[in-house]
Amino acid sequence: MKEFLDVLLEEMDKKLSADDAAVYLNRLRSLATTAPPRRAIPSRGSGSPIRAAAAKTAPDSRFFQARPDVELFFYELKEERAEPRWFRLAKELDPTRAFGRWDPLKGEAQVLETIAMGADIYSLNVQDHDEATLQYLAEVGVDYGVPVLLRCHAEDDLARALFVEADTWIGLEDAVAVPELLELPIFKGRKVLLPYGNSEGMTHHQLKELILHFEIEEEP
């Protein structure tokens, strides 16, 4: 027998009328309140890197055990084989670590779906949204205590992301992950995610201003 979560989320890719879409959003808001408790992202103090990894395969306890250095796992749900239950399953297999959604979301329904799945953080591509939409989608997670990762591919993206008012992380893609940026006063006290290995060219002074410094690597 299918679980309620599976039945509801089968509607994810269906085209809905305005009335049906409103009903679906209300169902998602209700379902989001039943998600597993959100796990806090660990912190070891400013300047201390924390390892994160983006995985593309189903949760596996052996994989988790083989990566004790990783404290945050991201999952992509872009492939056909990916399933909504992955986040809840991952939390059953690993009792302590946090799990986020790596593929960027397009709208409110996707954000609520992701929260209902049990993700501890979700992603938005800054370049995909205007300022008002970006702020709104970031605020959706606030009601459920779920932060948002704002992924920046260009300097213009970064300029807009820094002024979003919500519980935000700033994700610097390769093109903007340069040491000079972290010298800017506006980065003080920020939670920043860098591509794996990029911090090697950054000084401790540049990194110590950050609340959280994550390095992300891609897993097969």
### Where a residue in the stretch 147-174 is closer than 14 Å to Asn125 by Cβ and free of Cβ contacts under 8 Å to residues at least 24 places away in the same chain and its partner, wherever it lies, is among the small types (Gly, Ala, Ser) and open to solvent by less than 10 Å² (accessible area, probe 1.4 Å), with Cβ under 7 Å and at least six apart
Ile170/Ala161
### Query
With (1) more than 15 Å from Arg39 (Cα to Cα); (2) free of Cβ contacts under 8 Å to residues at least 60 places away in the same chain; (3) assigned to a loop (DSSP other than H, G, I, E, B); (4) of a type outside the set (Lys, Arg) as the list, and Thr57 as the residue in question, which single condition is left unmet?
(2)
### Query
Has the stretch 55-63 got any residue that is among the polar types (S, T, N, Q), at pLDDT below 90 and open to solvent by 40 Å² or more (accessible area, probe 1.4 Å)?
yes
### Message
Given the options Glu215, Glu173, name the one that is open to solvent by less than 50 Å² (accessible area, probe 1.4 Å), over 29 Å from Asp20 (Cβ atoms), at pLDDT 75 or above and among the acidic types (Asp, Glu).
### Response
Glu173
### Top-ranked residue in the stretch 64-80 [being among the acidic types (Asp, Glu) and assigned to a loop (DSSP other than H, G, I, E, B); ranked as most open to solvent (accessible area, probe 1.4 Å)]
Glu80
### Message
Looking at Arg151, Arg160, can you tell me which residue is surrounded by 21 or more Cβ atoms within 10 Å (Cβ to Cβ), in contact with a Leu (Cβ under 8 Å, 6 or more places away or on another chain), at pLDDT 70 or above and among the basic types (Lys, Arg)?
### Response
Arg151
### Task
Provide a single number: the residues in the stretch 81-101 that are assigned to a strand (DSSP E or B) and of a type in the set (A, V, I, L, M, F, W, C).
2
### Task
Out of the residues in the stretch 20-41 that are in a helix (DSSP H, G or I) and not aliphatic (A, V, I, L, M), state the one that is nearest to the chain's Cα centre (by Cα).
Arg29
### Message
What's the total number of residues in the stretch 1-51 that are among the charged types (D, E, K, R), in contact with a helix residue (DSSP H, G or I) (Cβ under 7 Å, 6 or more places away or on another chain) and at pLDDT below 80?
### Response
1
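The values are calculated or read from the model by the stated rules, or taken from the named source; none is laboratory data. Predicted, not measured: the structure shown is a model, and the values here were computed from it. Please note: Cβ atoms are built from the backbone with ideal geometry, for glycine as well, and neighbour counts cover all protein chains shown. Surface areas here come from the heavy atoms of the whole protein model, side chains and all, with no ligands, DNA or RNA. Shrake-Rupley method; radii C 1.70, N 1.55, O 1.52, S 1.80 Å.
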